1. Among the strands (runs of 3 or more DSSP E) lying completely within the stretch 415-492, list those that include at least 1 residues that are at pLDDT below 85.
2. Among the residues of the stretch 208-230, are any touching a residue at least 60 places away in the same chain (Cβ under 8 Å), among the acidic types (Asp, Glu) and assigned to a loop (DSSP other than H, G, I, E, B)?
3. Search the stretch 60-78 for residues being among the aromatic types (Phe, Trp, Tyr) and either more than 27 Å from residue 243 (Cβ to Cβ) or over 17 Å from the mean Cα position of the chain (by Cα) (or both), and hand back the single one that is surrounded by the fewest Cβ atoms within 10 Å (Cβ to Cβ).
4. If you check residue 434 against the conditions, is it surrounded by fewer than 17 Cβ atoms within 10 Å (Cβ to Cβ), under 25 Å from the mean Cα position of the chain (by Cα), among the basic types (Lys, Arg) and under 27 Å from residue 370 (Cβ atoms)?
5. Cβ-Cβ distance below 7 Å, separation of 6 or more or different chains: which pairs start in the stretch 251-263 with a residue that is assigned by TED's automatic domain parsing to the domain that holds residue 315 and within 19 Å of residue 384 (Cα to Cα) and end on one that is among the acidic types (Asp, Glu) and part of a loop (DSSP other than H, G, I, E, B)?
6. Take the residues in the stretch 305-318 that are in contact with a helix residue (DSSP H, G or I) (Cβ under 6 Å, 6 or more places away or on another chain) and either closer than 19 Å to residue 159 by Cβ or not hydroxyl-bearing (Ser, Thr, Tyr) (or both), then tell me which one is surrounded by the most Cβ atoms within 10 Å (Cβ to Cβ).
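The values are calculated or read from the model by the stated rules, or taken from the named source; none is laboratory data. As the structure is a computational prediction, the values presented were derived from the model and not from experiment. Ideal geometry is used to build each Cβ from the backbone, glycine not excepted, and the neighbour counts take in all protein chains shown.
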Amino acid sequence: MPNFVDMDQRIFHFIFGLFLLIYLFVGFRIYPDYGVPVDEYSQTDLGRVNYERIIKGSLEIQTHFDRYYGPAFEVPLYIFSGLVNKQFGIEEVSARHLGNFLFFASSLIFFYLFLTNTLSHPGYGLLGTALLALSPRFFAESFYNTKDIAFMSATILVLYAASRFRKTTWLSLLFLAATTGFAIGIRAQGLLLLAVNAVVLLRDGQSKAFWYVILTLLVTFGLYPLFWNDTLKNIVGFWKTAVHPLGVPTLYLGNIYISPNIPWSYHFVWVAITSLLSVLVAAITGMIQFVARGKKDRLQLVMFLIVTGTFATSVFFHPRSYDGWRHIYYIYPPMIGFAMYALKVARRRVRVALLVFFFIDMICASWFMLKNHPNQYVYFNILAGGYRNAKANFDFDYWGMSQKQILEYLVQMRVPIGTHVFIDYEKPSPYTERVLITALRTKGMTLVDSVDDADVYVAINRDYYKAPSPEFDKIYAVSVGGADLSAVYSKL
């Protein structure tokens, strides 16, 4: 890195430590600001039934609706949120958001170490970690997405473990197997991490790869209480669920699709329009350079196979695809790894240009996050053609996060007792059913089934693309870039 390589590396460690402290401070200040995603309560219940299987021997997990979802992170998060709620009085959902954020923030340490080890300089670790931490969608979802962000963090642990695997020792092999098993215990996509590392280890001998697979599967079994009874039946059920192609209605390029009938370009386009543009350009450049060079570094090969294997699976096997590219968020750390690789091997002038590109991108992303808090998850880059265009062509508020802001407005809004309210949302959202509607009824509002009978029209979540009839006036909206996520209309 220009003018950096001769600097004392302890300076970079200090800057990273300071950055992490500031990042944690910000997280502790804002974690209560985020709303409740559509699957918050079901994920909480998943943690509960697995916890009760471990502690009390309860077999409720065997018939639970979400029994095949990974419990490896949900169980400790359930314990953490319960303790925080009991000891500090923090509401359980907010406690979960804090726990999820702390896990992601902790993984940044391992990402910093991974990039430093891989590229032999902490400057790349510092810059790459900052690019990940300041990516708007990941920053916001690090508080409430306990599936995909947690799996991204687990992927980072796997990458770090792979970087520590320098020679054949049982300890390093067990560490790699433990992190991979943990990743599988969060999401089935961890099987790809297992396959990639096994293939790379085959270069060093069949024995390493064999024991790595066996140890990983043993760890996975231990982390899945579901498998402890009716093992074969539940493993088959897990596999069928993992490869099941059905998804929910998905808006893509202005049309509605349902898996497996998603265009092959789906993930390519979503990655292109929501990543930091500097990371996207540099990552593609780095991967091309990696292929063009003859010698294949083991860690770079692992990253390359993770990214290309994911896209190949997306194109040829049509896995479940909806809600943007959240199911493959885990490829972003390897993408940043290749972006840093491109920076390292670039000529001096290109290197300077890339650094400027990275810093401008991070400044713009930081400004976007400040301006649009707590709705950073609705981030699109310039390739999307603006936010109104993005809303017309892609799923927008698929988490339903803006419901919290809508609720806060409705609760303080002055309306006559008995006001009729129509709430337009795609499907019964637990937060809408448990909190929003309950609060409105407490205030004296009446929920109606038809907009024709309503005095107030509330448009939230995926369905919100068209305004109601002209007799309604928009009185409040949660907006990003001029595009409304949710809105309240009234004819009072």
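1. Working: elements: 420-424, 456-459, 473-480, 483-490.
Counting at least 1 such residues, we get 420-424.
2. Pass one, the stretch 208-230, residues touching a residue at least 60 places away in the same chain (Cβ under 8 Å): 223-226, 228-230.
Right, trim to among the acidic types (Asp, Glu) and you get 230.
Then drop every residue that is not assigned to a loop (DSSP other than H, G, I, E, B), which leaves 230.
Yes, some residue in the stretch 208-230 is touching a residue at least 60 places away in the same chain (Cβ under 8 Å), among the acidic types (Asp, Glu) and assigned to a loop (DSSP other than H, G, I, E, B).
3. Of the stretch 60-78, the ones among the aromatic types (Phe, Trp, Tyr) are 65, 68-69, 73, 78.
Subsequent filtering for residues that are either more than 27 Å from residue 243 (Cβ to Cβ) or over 17 Å from the mean Cα position of the chain (by Cα) (or both) retains 65, 68, 78.
Numbers: 65: 10, 68: 20, 78: 24.
Only one residue fits best here, namely 65.
4. Details: surrounded by fewer than 17 Cβ atoms within 10 Å (Cβ to Cβ): yes; under 25 Å from the mean Cα position of the chain (by Cα): yes; among the basic types (Lys, Arg): yes; under 27 Å from residue 370 (Cβ atoms): no.
Spelling it out, it is not the case that residue 434 is surrounded by fewer than 17 Cβ atoms within 10 Å (Cβ to Cβ), under 25 Å from the mean Cα position of the chain (by Cα), among the basic types (Lys, Arg) and under 27 Å from residue 370 (Cβ atoms).
5. 251/395
6. Taking the stretch 305-318 as the starting set, the residues that turn out to be in contact with a helix residue (DSSP H, G or I) (Cβ under 6 Å, 6 or more places away or on another chain) are 305-307, 309-310, 314.
Retained after the next criterion (residues that are either closer than 19 Å to residue 159 by Cβ or not hydroxyl-bearing (Ser, Thr, Tyr) (or both)): 305-307, 309-310.
Numbers: 305: 19, 306: 26, 307: 21, 309: 16, 310: 22.
Here the residue is 306.
The rows are residues; the columns are (1) modelled with pLDDT of 95 or more; (2) surrounded by fewer than 19 Cβ atoms within 10 Å (Cβ to Cβ); (3) within 21 Å of the chain's Cα centre (by Cα).
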residue: 152; (1), (2), (3): yes, no, yes
residue: 171; (1), (2), (3): no, yes, no
residue: 189; (1), (2), (3): no, no, yes
residue: 201; (1), (2), (3): no, no, no
residue: 226; (1), (2), (3): yes, no, no
residue: 236; (1), (2), (3): no, yes, no
residue: 244; (1), (2), (3): no, yes, yes
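Quick grid of which residues meet (1) farther than 30 Å from residue 397 by Cα; (2) under 22 Å from the mean Cα position of the chain (by Cα); (3) not aromatic (Phe, Trp, Tyr):
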{"site": "57", "(1), (2), (3)": "yes, no, yes"}
{"site": "80", "(1), (2), (3)": "no, yes, no"}
{"site": "85", "(1), (2), (3)": "no, no, yes"}
{"site": "102", "(1), (2), (3)": "no, yes, yes"}
